[in-house]
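The values are calculated or read from the model by the stated rules, or taken from the named source; none is laboratory data. What you see is a predicted model; the values in this text were computed from it and never measured. Methodologically, a virtual Cβ is constructed for each residue, glycine included, from the backbone with ideal geometry; neighbour enumeration extends over all protein chains shown.
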Amino acid sequence: MTQSHAPMLALAIPTWNGGRVLQEVLAAVERQPDAHRLERVAIDSGSGDDTVATLRRHGFCVTAIDQKDFDHGATRDALVERCRADIVVLLTQDAIPADEHWLAALASSYADERVGAAYCKQVPRPDCNPFLARRLREWTAGKDQPVVQEPATQGEFDALQPMQRLQRCAYDNVAGSVRRTAWRAAGGFGRRPFGEDVAFGKRLVLGGWRIVFQAKSAVVHSHNRPAKEEGRRIYCDHQNLRDLFDLRLLPTWDSYRDGVAWGEREYSRIVDELLLPPAEAEVLRAWARAYAHDSALGMFLGAAWPENSRGPHAAFFAEIDRRMHRGI
């Protein structure tokens, strides 16, 4: 097919039992002015509901895989590989475009040929746990102003502080996009069970590409998880952040204990300020106490994995690691 007949943009979605929320996502996609020009590709991991039929009604070419073969990085690589358009929009099945400007605003980032990837603002759902909503707003993808993350040489990158390295490479494919030529040059996302987007962002930046956080393009996306589940995800996240950026927010047992104490005080204050009915406040306060412990433990143990995996109790920590990653 000649370039003149190539689709303008591709939309790629990994799915598994998307249900009603997927229908909301696709309805919002259809409201985009150029939706009819989208190439549409999906990989479904063995849904037992009507997800595949829903995708096909909306014009998607669907590939089915076994659920055990799903991998956050490798499955997204397979999606991008199946697309012909050079700009591929990556969306999860529960990230709902916030308005009819979502697609055009995201695509506008690629007017600059040095941009290899761009990602969207994420707006928490109305019923989002206030602590998780706050955490989302503090992450780059929750900001109100656009950010252009410039490339860096290895020497420049190494001279940055760990948090600066993370900020330079931040990228989120819950609702993002990639230029296929940049994706190919960076070696794709690669097989990675968690954090494939930030790892990819690092390779892009070191490969000479810009990453854009496009605040004018937004999706509605959040999850209300139990505190223990959030702690597991924080463990996996901080294991990655140590590996990629040498970032350790709670590097010692003392800092872990201080982190728990700070969380208990700060989160209790936040609950008080919400002025909730007593019964509702007590439920949230109990969640917050558990979150103070589980989040701090996740940060501490995740970042300490290199030492724990080689230490005298390596087998014990390997079992913890296996449990932390299960189902993530």
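Where the second residue is outside any helix (DSSP H, G or I) and surrounded by 14 or more Cβ atoms within 10 Å (Cβ to Cβ) and the first is in contact (Cβ under 8 Å) with a residue 24 or more places away in the chain and lies in region 300-328, which pairs have Cβ atoms under 6 Å and are six or more apart or on separate chains?
300/250; 303/248; 328/194
What residue, of 323, 289, is within 28 Å of residue 172 (Cα to Cα), part of a helix (DSSP H, G or I) and of a type in the set (D, E, K, R)?
Testing whether each residue is within 28 Å of residue 172 (Cα to Cα), part of a helix (DSSP H, G or I) and of a type in the set (D, E, K, R) leaves just 323.
Go through region 170-278 and tell me which helices (runs of 4 or more DSSP H), entirely inside it, have 3 or more residues that are loosely packed, with under 14 Cβ neighbours inside 10 Å.
Qualifying helices (runs of 4 or more DSSP H): 253-274.
This table checks each residue for (1) among the aliphatic types (A, V, I, L, M); (2) in contact with a Phe, Trp or Tyr (Cβ under 6 Å, 6 or more places away or on another chain); (3) at pLDDT 95 or above; (4) assigned by TED's automatic domain parsing to the domain that holds residue 247.
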position: 99; (1), (2), (3), (4): no, no, yes, no
position: 115; (1), (2), (3), (4): yes, no, yes, no
position: 122; (1), (2), (3), (4): no, no, yes, no
position: 135; (1), (2), (3), (4): no, no, no, no
position: 148; (1), (2), (3), (4): yes, no, yes, no
position: 167; (1), (2), (3), (4): no, no, yes, no
position: 193; (1), (2), (3), (4): no, no, no, no
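Do any strands (runs of 3 or more DSSP E) lying entirely in region 1-112 carry at least 2 residues that are surrounded by fewer than 19 Cβ atoms within 10 Å (Cβ to Cβ), and which ones are they? Talk me through it step by step, then tell me what you get.
Values: elements: 9-15, 38-44, 61-64, 87-91.
Result: 61-64.
Return the residues of region 113-158 that are closer than 30 Å to residue 281 by Cβ, without any contact (Cβ under 8 Å) to a residue 12 or more places away in the chain and in a helix (DSSP H, G or I); say none if nothing qualifies.
Within region 113-158, 135, 138 meet the criteria.
In region 10-54, what residues are touching a residue at least 40 places away in the same chain (Cβ under 8 Å) and of a type in the set (Gly, Ala, Ser)?
Scanning region 10-54 gives 10, 12, 18, 28, 35.
With respect to residue 29, is the statement that it is at pLDDT 95 or above, within 21 Å of the chain's Cα centre (by Cα), within 24 Å of residue 197 (Cα to Cα) and not charged (D, E, K, R) true? Please lay out each step first, then the result.
Numbers: at pLDDT 95 or above: yes; within 21 Å of the chain's Cα centre (by Cα): yes; within 24 Å of residue 197 (Cα to Cα): yes; not charged (D, E, K, R): yes.
When the stated conditions are applied, residue 29 passes them.
Taking residue 161 as the residue in question, decide whether it is polar (S, T, N, Q) and either assigned by TED's automatic domain parsing to the domain that holds residue 238 or without any contact (Cβ under 8 Å) to a residue 24 or more places away in the chain (or both).
Here the answer is yes, as residue 161 does meet what is asked.
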